[in-house]
Every structure is written in structure tokens, then in C-alpha cells.
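The values are calculated or read from the model by the stated rules, or taken from the named source; none is laboratory data. Here the structure is a predicted model, which means the values were calculated and not measured. Quick reminder, even Gly has a Cβ in these numbers, built from the backbone with ideal geometry, and neighbours come from all protein chains shown. For the accessible areas, the whole protein counts, side chains as well, though only heavy atoms, and no ligand, DNA or RNA atoms are used. Shrake-Rupley method; radii C 1.70, N 1.55, O 1.52, S 1.80 Å.
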Amino acid sequence: MTLGSLRPVWSYATYSGVSTLDGSDTLLIVPVRGSQLAALDPRTGEERWRHRDVWRGLNQHRLIPNRVVFLDGYDRLVTLDANTGEELWTVPTVSMTGWLHATPDVLVMGAWRDYTPLQAFDARSGGLRWMEALPHPARRTAWYAPLDALMTVMDDRVQCRALTDGRVVAELALPGLLATPMPDWQFSGPFGTPGRALLERGEGDQLLIITGPELHLEERHLGREPVTLRLVEQGGEVFFQDAARQLCAYDLGRDVTTVLGPLENTRRDRIPAVRLPDGTVLAGTSSGLLVRYAPEGGVRERVRVVKRVLTPLTLVSDTVCFGTQSGQVMAWTWRDVAAAPTAHPIC
């Protein structure tokens, strides 16, 4: 099999670091200048619309069908029309909220650093659905799809609250979690769906896996101890960096860990890595590299692209999109195809 070299397809200037990126096959939502949101075509980098006067603070954004939702500053929740960028509604929230999760029906946030209670709003109208304080500080929150619930992971348990009314619908003891404090950054999207179990780290190389409406708990051992704090399943695989600074891929189905090769990366909260359709693995690093590995290990190519890769790698057709510390959103391809024109947005 002949493999093409990594090459840029488009880049889009944001004039400030991009640490949050959310999108789909048809729309990519990116922060610009720390005070705006823009919607891009992920295939070309073309700007479709821009929403201005976004107050920089804890702003996070999520894309759901036909809408873009974001936390504006410290105390507002805003919803935009995803096709036009027009503001649909805005509501006040409890100050210093965070950890936004969005479903087509309910928007829920709160519990970040134990500053605020959980708050849930109707996604269509902005009406407050419910508000609940947690009994203990949360390590993380997540949308757990099998129960259509908000899962909160605390030091010794997980608890699921129905998105409709906030009542506790399931609880599971979870002793032995990693004692190291967890990062502020959270994975978004539904968990508990096929190929995306909810994962938590135990001590050493222990991996705790939660699946199904009954909160089935399974313990695995990775064979190598990760330095990566937050792990996520991606289609049956888990990528992590081990203590020897090697990128590893754990196959949940085969219960096998493959060492892919060295990775110059100092971040510990998560690893920007993705399995490409040709079987190779692409990873981004805190030193601004894209590194491509053979399916069963070994570095195929290594390219310096920016100052620092900040976001997960989003796979869209034949390109991989990501945000950078250098004030750009970029798309690169591994295919042997001509690069598309670089996007030059109006600012």
C-alpha cells in the first residue's frame, strides 16, 4: 500500500489560541479573537457566519442539530441558529458555571470545581428544567446515553440524574479511582453508545469500563501505565501515552496494547490521536507536531505544523481538523491529493 505524505489542506486565522473545537461533517464551530464564534465548512475552511460580542470567560460551545449552544462569560447561556448564526435565546445562569453538555432536548452544566449546582435548561426555549446540588465534588460530568442521564463521577461513586427532571436514576460504587486530581477539560458527546464506553482510570495500569443501562462495571489492565489522565474510547480503541513517552493503542475487543512509537508531548489531560481510514494513527503534540504511525507501530512521518496542538483531532472525510496555540484552525490530509486553497476569512 502506497501512503501519501501529510500535507495542509486549509488554515483559518483565529488570532488567539483555539482550545475548544466542536463540529460535524458539515459544520465546524471555532472561537475567533477571544470574543467571537465562527462557523466553517470543514472541507474548505470557508467561513459561513460569525457571531460577535461573545464575552470571554468560561465560554464553551457545543453543536447540536440546527443549533449552536455556548456559555458566554461566566453567567449566560446562549443558543444560535446553526445555519445563520442568529441568536435564538439567551438566559442567565448561576455564576462561575462550566462543563457544558448538550443534547437535542436538554442543556446541562455545572459542578465545575464544585462552584455551582447542576443546572438543566430546555434546549428549545431556554426554560430552566431543574437545579440540583451534588452531595460530593465531581471529578467529571458526562452525558450517559443509555439512561439519557447526566453522569457525575465522584471520588467513590458514579451517579446518574435524569435529564428531564434531575432525579437520581442509577448509582454505582466506584472505589479505587486514580488519586491524581483530574483535569478541568472534559470530553463531550454521548457516552455508553457503541464504541464509546465511559472510561475511568484506576491506580497503575487499571482501566475501569462502564457500559449499558445497568451500569455494568468491568476492570481491565492496560499492560503499561499511562501518564495520560483522561482516557476515551474511540471505536473500540483507547489511545494513551505511557511513562516512557510512547504512544500506545489499547484494543478493548482483543484486550491488547500496541506500542506505536515515541511522542514528544508534555500534556497529560488527554492525547489528540485518531485512527485514520487507512489504518494508520495520527497524533498531535504539545510541541506542535503531527506524527503518523503505522497500524501496528513505527513512525511513518513527523511534521511540525504549529506552536502547539490544543484540541482533539476531528476526522472529516479525508482531512483531520484541529485547533492550535498559534491562533489557527487547520486541516491536514494524509491522502495523495492536491491541497485545497487556504481560507482567508473577512475579519
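Report yes if TRP89 is of a type outside the set (Val, Ile, Thr), assigned to a strand (DSSP E or B) and under 26 Å from THR319 (Cβ atoms), otherwise no.
Values: of a type outside the set (Val, Ile, Thr): yes; assigned to a strand (DSSP E or B): yes; under 26 Å from THR319 (Cβ atoms): no.
When the stated conditions are applied, TRP89 does not pass them.
Right, THR141: free of Cβ contacts under 8 Å to residues at least 40 places away in the same chain and surrounded by 18 or more Cβ atoms within 10 Å (Cβ to Cβ) or not? Step through it out loud before you land on a result.
Working: free of Cβ contacts under 8 Å to residues at least 40 places away in the same chain: no; surrounded by 18 or more Cβ atoms within 10 Å (Cβ to Cβ): yes.
Judged against the criteria, THR141 is not a match.
Scan (1) closer than 22 Å to LEU260 by Cβ; (2) crowded, with 21+ Cβ neighbours inside 10 Å for the single condition GLY297 breaks and write down its number.
(2)
Answer yes or no as to whether PRO312 is open to solvent by 10 Å² or more (accessible area, probe 1.4 Å), in a loop (DSSP other than H, G, I, E, B) and within 19 Å of GLN241 (Cβ to Cβ).
Values: open to solvent by 10 Å² or more (accessible area, probe 1.4 Å): yes; in a loop (DSSP other than H, G, I, E, B): yes; within 19 Å of GLN241 (Cβ to Cβ): yes.
Criteria met by PRO312.
Would you check if TRP130 is touching a Ser or Thr at 6+ places or on another chain (Cβ under 7 Å), more than 20 Å from ARG52 (Cβ to Cβ), surrounded by 15 or more Cβ atoms within 10 Å (Cβ to Cβ) and among the aromatic types (Phe, Trp, Tyr)? Please lay out each step first, then the result.
Working: touching a Ser or Thr at 6+ places or on another chain (Cβ under 7 Å): no; more than 20 Å from ARG52 (Cβ to Cβ): yes; surrounded by 15 or more Cβ atoms within 10 Å (Cβ to Cβ): yes; among the aromatic types (Phe, Trp, Tyr): yes.
Spelling it out, it is not the case that TRP130 is touching a Ser or Thr at 6+ places or on another chain (Cβ under 7 Å), more than 20 Å from ARG52 (Cβ to Cβ), surrounded by 15 or more Cβ atoms within 10 Å (Cβ to Cβ) and among the aromatic types (Phe, Trp, Tyr).
On the given criteria, is PRO92 out of contact with any Ser or Thr (no Cβ under 9 Å at 6 or more places or on another chain), touching a residue at least 40 places away in the same chain (Cβ under 8 Å) and open to solvent by 20 Å² or more (accessible area, probe 1.4 Å)?
no
Which of the residues that make up region 111-131 are among the aliphatic types (A, V, I, L, M), assigned to a loop (DSSP other than H, G, I, E, B) and more than 15 Å from THR152 (Cα to Cα)? Give the derivation first.
Of region 111-131, the ones among the aliphatic types (A, V, I, L, M) are 111, 118, 120, 123, 128, 131.
Then keep just the ones that are assigned to a loop (DSSP other than H, G, I, E, B); that gives 111, 123.
Within region 111-131, ALA123 is the sole residue that qualifies.
Among the residues of region 101-110, write down those that are outside any strand (DSSP E or B) and either open to solvent by 30 Å² or more (accessible area, probe 1.4 Å) or touching a residue at least 60 places away in the same chain (Cβ under 8 Å) (or both).
Residues of region 101-110 that are outside any strand (DSSP E or B), as a first pass: 103-105, 110.
Residues satisfying the conditions are THR103, PRO104, ASP105.
Please determine, by comparing only the residues of region 236-250 that are over 20 Å from the mean Cα position of the chain (by Cα) and not small (Gly, Ala, Ser), which one is surrounded by the fewest Cβ atoms within 10 Å (Cβ to Cβ). Explain how you work it out, then say what you get.
First pass over region 236-250, keeping only residues over 20 Å from the mean Cα position of the chain (by Cα): 242-246.
Going one step further and asking which of them are not small (Gly, Ala, Ser), we end up with 242, 245-246.
Details: ASP242: 19, ARG245: 12, GLN246: 15.
Only one residue fits best here, namely ARG245.
Identify all residues within region 251-269 that are among the hydrophobic types (A, V, I, L, M, F, W, C) and either touching a Pro at 6+ places or on another chain (Cβ under 7 Å) or open to solvent by 50 Å² or more (accessible area, probe 1.4 Å) (or both); write none if there are none. Spell out how you get there, then give the answer.
Residues of region 251-269 among the hydrophobic types (A, V, I, L, M, F, W, C): 252, 256, 259-260, 263.
Hits for region 251-269 are VAL256, VAL259.
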